[in-house]
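Enquirer: One structure, pasted below without further comment.
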Amino acid sequence: MDKVADLRVTIIGERVFCVRIDSGGLLDWRYDYDALTYSAIEPPPELATLSRDFLKRFDLVFGCFDFALRHDDRAVFLECNANGQWAWLESRTGLPMTAALADLLERGLA
């Protein structure tokens, strides 16, 4: 696949966080964390909607979605991890993910 970056969309309750991961052309960004740059971006509306629908379908309140971003700005779904890592993205971007998780736990799942 010809890609320019990856997107990690993390949904915690009703909150949607999106991070663009630029890897300098690596097919799999996990192979060289030192080569990565991170940008907090607004999630593309269609990705947020589709990701929320996915979680609702499986009765989940959390998920880390990975997408490859093509040259034409189209996102290609790779996976949803219902127990995905996210904390390193907060420290790199300042996104309030821990606070969102704490809020979700405090409110409960009623």
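The values are calculated or read from the model by the stated rules, or taken from the named source; none is laboratory data. Quantities reported herein were computed from a predicted structural model and do not represent experimental measurements. A quick note on method: Cβ atoms are made from the backbone with ideal geometry, for glycine too, and the neighbour counts reach across all protein chains shown.
Enquirer: For segment 67-77, enumerate the residues that are of a type outside the set (D, E, K, R) and surrounded by 13 or more Cβ atoms within 10 Å (Cβ to Cβ).
Expert: The answer is 67, 68, 69, 75, 76, 77.
Enquirer: Check whether at least one residue in segment 32-39 is at pLDDT 90 or above, of a type in the set (Val, Ile, Thr), within 20 Å of residue 87 (Cβ to Cβ) and in contact with a helix residue (DSSP H, G or I) (Cβ under 7 Å, 6 or more places away or on another chain), and report yes or no.
Expert: No, segment 32-39 contains no residue that is at pLDDT 90 or above, of a type in the set (Val, Ile, Thr), within 20 Å of residue 87 (Cβ to Cβ) and in contact with a helix residue (DSSP H, G or I) (Cβ under 7 Å, 6 or more places away or on another chain).
Enquirer: May I pose another question? Out of (1) closer than 12 Å to residue 9 by Cβ; (2) assigned to a helix (DSSP H, G or I); (3) of a type in the set (Phe, Trp, Tyr), the odd one out for residue 88 is which?
Expert: Status for residue 88: all satisfied but (1).
Enquirer: If you check residue 51 against the conditions, is it at pLDDT 95 or above, surrounded by 12 or more Cβ atoms within 10 Å (Cβ to Cβ) and of a type outside the set (A, V, I, L, M, F, W, C)?
Expert: In short, yes.
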